[in-house]
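A short write-up of the structure that comes next.
Since every read-out is calculated from the coordinates, none of them should be taken as a lab result. Remember, it's a predicted structure, so these values are computed and weren't measured experimentally. All Cβ positions, glycine included, derive from the backbone under ideal geometry; neighbour counts span all protein chains shown.
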Amino acid sequence: MQTKFLYLTRHAQAEPYTYGKDDYSRHLIEEGLKKTHSIGDKLKKCFDNHDEIKIISSTATRAKETSKILSHILGVKEGQIEWNENIYEASIHELMQIINKVDESTHHLLIVGHNPSISNLCDYLCNAHTNLNAAETAVIALPDELDFNMLSKGLGTLQHIIH
């Protein structure tokens, strides 16, 4: 059985939060756009050309923009991205519910979300201490024979973080 991988990506750098603009609607800044392209190019090396990648993303503007760039680089059609409003401000438990519902045929799952929950989820799954910076991606391997619906605390192995 092929090892399954979970990729936890924090959205790229966005414009600062300011009075009059709500947090949910902040756009990526130029530096964030460049970093997302760089991360996408590095992330693409994790896959074979025939690998199918499932992307689930927060619906916050900065996460959507990050997801769209990554999907383009990874060859995933934008229409195949699953938009999930529950990822914004999600707890570890809520993120686990989303992951545990992923079909067993999925081998590569990319979640695009926000800190602190995305880093906390990595720590929870891998017994690690991470703090993902903007656009960074934690690459987590699941144990052989384990599907996403069985993933729980301490069962993941942090392979590396893509900077």
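Tabulated data for the structure shown
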{"item": "Partner aspartates and glutamates for Lys42 [C-alpha distance under 12 Å; skip if fewer than 8 residues away on the same chain]", "result": "Glu136"}
{"item": "Whether the stretch 11-78 is rounded, prolate or oblate, judged on the alpha carbon gyration tensor where a/c under 1.5 counts as rounded", "result": "prolate"}
{"item": "Flagged links, alpha-carbon separation over 24 Å, of Lys45/Lys101; Lys4/Lys35; Lys21/Lys101; Lys21/Lys44; Lys77/Lys153; Lys4/Lys44", "result": "Lys45/Lys101; Lys4/Lys35; Lys21/Lys101; Lys21/Lys44; Lys77/Lys153"}
{"item": "Net lengthening on full extension, Asn131/Glu85 (0.36 nm per residue, minus Cα-Cα)", "result": "14.3 nm"}
{"item": "Spatially proximal aspartates and glutamates relative to Lys68 (Cα-Cα < 14 Å; intrachain offsets below 8 disregarded)", "result": "Asp41, Glu78, Glu82"}
{"item": "Length-normalised contact order of the chain in % [C-alpha pairs under 8 Å, at least 6 apart]", "result": "34"}
{"item": "Of Tyr88, Tyr17, Tyr124, the one that fluctuates the most in a GNM where the chain has Cα springs shorter than 10 Å", "result": "Tyr17"}
{"item": "Cα gyration tensor category, rounded, prolate or oblate, for the stretch 61-115 with a/c compared to 1.5", "result": "oblate"}
{"item": "Which of Glu85, Glu94 has the fewest Cβ neighbours within 10 Å, and the rest in rising order", "result": "Glu85, Glu94"}
{"item": "Neighbour net charge for Asp103 - beta-carbon separation under 14 angstrom, K R +1, D E -1", "result": "-1"}
{"item": "Over the chain: helical MRE at 222 nm, DSSP H runs n ≥ 4 each giving -39500 (n - 2.57), nearest 500", "result": "-9000 deg cm²/dmol"}
{"item": "Within a Gaussian network of the chain (alpha carbon springs, distance under 10 Å), most fluctuating of Pro116, Pro16, Pro143", "result": "Pro16"}
